[in-house]
Amino acid sequence: MPLRLGELLIRQGILVEPQVRAILEEQQRTGRPFGQLAEQMYGIDARDVEHAWAVQYAQLCERVNLESESIDPDVLALVSRRQAWQFMVFPLRRDGSEIVIATTPNDLPRAARFIAWHLGEPVYFVLTTQKRLVKALRRHCSLPGADFIMGERHKRRGNRSA
């Protein structure tokens, strides 16, 4: 069973148990999202909530090997090559009314924000390794300078893993 958002924030040292209980009580009373309440009640940074959400979501996501996935060129074309590299997203195909998009656990929060803003269609994410995602991007979305960009992003992040 995946960890709940409050449990993840406790494990990350961002909240303590009495704070989580207070948030849950307020959530039950108001019906507002846990993360929003954590931000408002305790000044938790939205990025910390987003990171915990990504860890939680990653526990539920299917893991894929992009080399064996079917790729619909029309769906892949929903994002530009630059956007695919910048946001580390790899649209694969449609599954019914949803678009299946691959990303990595580390890139999930940023990818989700971009896709929600850019596509405005129902999507679900599948996860892969950075190595496999970069290989697929090189093969299907070649972009001069992308390897340099990846190296710089990797340095700035300090190789943090979700």
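Only the coordinates and a few stated rules stand behind these numbers; no lab work does. All of these numbers come straight from a predicted model, not from anything done at the bench. Here the Cβ is made from the backbone with ideal geometry for all residues, glycine too, and neighbour counts use every protein chain on show.
Just a few scattered comments:
- Pairs of alpha carbons in region 5-60 whose separation is greater than 12 Å (percent): 61
- Under a 5 Å amide H cut-off, with hydrogens placed 1.01 Å from N, residue 92 pairs with 100, 101, 102 among residues at least 5 apart or on other chains.
- Note on the chain: GNM, Cα springs under 10 Å; of 104, 30, 128, the largest mean-square fluctuation is that of 30.
- As a size descriptor, the averaged projected area of the C-alpha convex hull of the chain was calculated at 10.6 nm².
- The calculated 222 nm mean residue ellipticity attributable to helices in the chain amounts to -16500 deg cm²/dmol, summing -39500 (n - 2.57) over DSSP H runs of n ≥ 4 and dividing by all residues.
- Radius 13 Å from Cβ of residue 52, net charge of other residues (Lys, Arg +1; Asp, Glu -1): -2
- Projected label distance in nm at residue 50 and residue 98, using a 7 Å step from Cα toward the beta-carbon: 2.2
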